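Scroll down for the structure; my scribbles are underneath it.
The values are calculated or read from the model by the stated rules, or taken from the named source; none is laboratory data. Predicted, not measured: the structure shown is a model, and the values here were computed from it. Because the Cβ atoms are built from the backbone with ideal geometry, glycine has one as well, and the counts that use them run over all protein chains shown.
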Amino acid sequence: MVRYVLLLLTVAFLYVPVAESSECLLCHSAMQGKMEGRKGVVEVHVDAKRVVDSVHGVLGCTDCHFSYGSGPHSAAAAVPVEVAKLAKKVAVKGTSDPVALSACVQCHPAEYEALTGSVHGENVLRKKQADGPLCLDCHGSPHYIVPETDAESEVNHANVVHTCGKCHGDERLAEKYGLDGHVVEMYESSFHGKKFLLGHTKVPVCSDCHGAHGITRWDAPDSTVIGEGKVKTCGKCHTGATPKFAAAPAHAHVGKDNPIPYYSAKGLTALVIGTFLFIFMHVLLDMYAEVRDRLSRKKKGGH
Amino acid sequence: MKKEIPQEIERFSTIFRIQHVILFTTFLLLAFSGWALKYPALEHSRFWVKIWGGAEMAGLIHRVAGVTMLLDFIWHVLYMFYLAAAGRMTFHPVTTVIPMPHDLTDFIKNFMYYMGLAKSPPPFRRFSYLQKFDYWAVFWGMAIIGSSGFILAFPVFSSGIFPNFTLGWIWQLLRVLHSDEALLAVVFILFIHFYSEHLKPGKFPMSWVWLSGKISIEEMKHHHTIEYDYTFGETEDDE
């Protein structure tokens, strides 16, 4: 194994960018697979090229990984108090490096602030549940975060629904928290969702109405998707939206519990099929009669 | 009284022909630009949308074509009223497009012919029962698809007209109405109209009446026998 690593190191050295992090990446860009770490199994490979191309490419590894030195044998720097405090709280997420997971707060204090008060953040930070999403659960690995406008970004307009759906389509979580686990399908059958599926770039996705970092329960008093909040939310795209307009369900379930659209759809399907059968039969009979007449005329002409 | 029988006769005036051209152009645009939205999860839907330059452009084309079609329809209806008011169009059972009791008997007689129980189809008037059906189907389509489409295209403006108790389901209902009836319209046009006016033996590649507005006297005598008799009296063999 060691020999293998050393061999790869030589190769890796040729393309690893010369930066403060190059020493870490010397090994970590060459290492493959998972290893037993201090807190469980961790992915040891870091794609140096993607790190440099990411929005965090200018950072050094130890700017977030405070508990590590810049080499296997050098001592670690002190962990900032704020980060250390948060690291204790996020340890519940079971991550291998809670300090690094908490490091985001240094540069993104406003987002952290919003997340703390959100239904997501509260679940982790206050209720000590591993389920609630923190930064990386939505934004992906911090090593490879690209701008939101990049199609690769997990929070890109085209990927938000999938990102939210990772938890909101999960049966275990739906049961545990009383969520509707079919909300993604409901969205995708809504008018907004259908356009989204066709690649519409301006149609609202989850976060456009529900918010992101500061997201609340849908029925919270300051919710963006009920009451006055919803009118304002709709008004972001639908200029002049009124309470009456905002009363429209954005992604309602169409089933027997919503009988009028449900049975209307059934009736319309019957009407479509009925009309279709009628006209199909009409056309077929017309063709049949046409052919029959031609044949009999030919017969008459022949004799 | 003996009448001069021409080689061909005008069936649709220029204004009707223009209305029809606008109708089928917008119909095709609407069908093609809206189709993908019915089954957006299917792979071919993305292809249909790409043809129009993406979902936004398809939506814009759909709205412009929809409003144009509605205006065309309104123009047609107003023009019909105008013709009636000006005395340029008078009601007669032989020439009217309004469904009459004889349409039901024609329908039955035609089916007897199809089944081989009658030697020939019944003699038709200016509009056969199927042509009347074809014509009024547009009115049905406008009432259902046109109105729901207009409401869906201008939702903020339209939301004011709905009473409060409908707000929980009216939008879904409108969407279902719009898309299901559009499917019905497409299937209907594809089978009845394309078959009758394009594919039917003797018509292929198409009946040219949409362009010239005229049909030959032979065709009139054959397919609109009663109208022919009504127009030219019983003197069909004099020329």
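Observations on the structure shown:
- Leading residue by the ranking (nearest to A:Asp180 (Cα to Cα)) among those in the range A:207-229 that are assigned to a helix (DSSP H, G or I) and under 22 Å from the mean Cα position of the chain (by Cα): A:His210
- Residue check, A:Arg297 within 8 Å of chain B (Cβ to nearest Cβ), among the basic types (Lys, Arg), outside any loop (DSSP other than H, G, I, E, B) and exposed (fewer than 14 other Cβ atoms within 10 Å of the Cβ): no
- A:Gly140 meets each of the listed conditions (1) closer than 17 Å to A:Cys206 by Cα; (2) touching a helix residue (DSSP H, G or I) at 6+ places or on another chain (Cβ under 9 Å) apart from (1).
- Annotation for the range B:100-107: at least one member residue is more than 10 Å from chain A (Cβ to nearest Cβ) and assigned to a loop (DSSP other than H, G, I, E, B).
So that you can scan it fast, the table gives a plain yes or no per residue for (1) among the β-branched types (Val, Ile, Thr); (2) within 19 Å of B:Val186 (Cα to Cα); (3) within 11 Å of chain A (Cβ to nearest Cβ); (4) touching a Leu at 6+ places or on another chain (Cβ under 7 Å):
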| residue | (1), (2), (3), (4) |
| --- | --- |
| B:Ala58 | no, yes, yes, no |
| B:Ile61 | yes, yes, no, yes |
| B:Thr90 | yes, no, no, no |
| B:Trp140 | no, yes, yes, no |
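- When restricted to residues that are over 20 Å from B:Glu181 (Cβ atoms) and facing chain B (nearest Cβ under 8 Å), the range A:270-286 contains 3.
- Every condition in (1) out of contact with any helix residue (DSSP H, G or I) (no Cβ under 8 Å at 6 or more places or on another chain); (2) surrounded by 19 or more Cβ atoms within 10 Å (Cβ to Cβ); (3) without any contact (Cβ under 8 Å) to a residue 40 or more places away in the chain is met by A:His120 except one, and the failing one is (3).
- Criterion applied to A:Gly240, A:Gly267 was being assigned to a loop (DSSP other than H, G, I, E, B), modelled with pLDDT of 90 or more, within 12 Å of chain B (Cβ to nearest Cβ) and over 28 Å from A:Asn159 (Cβ atoms), and the one residue passing it is A:Gly240.
- Qualifying positions in the range B:147-192 - surrounded by 19 or more Cβ atoms within 10 Å (Cβ to Cβ), touching a residue at least 40 places away in the same chain (Cβ under 8 Å) and closer than 17 Å to B:Gly59 by Cβ: B:Gly149, B:Ser179, B:Ala182
- Condition check for A:Gly181: at pLDDT below 90 and assigned by TED's automatic domain parsing to the domain that holds A:Val205: yes
- Some residue of the range A:173-181 being more than 21 Å from A:Asp137 (Cα to Cα) and part of a helix (DSSP H, G or I): no
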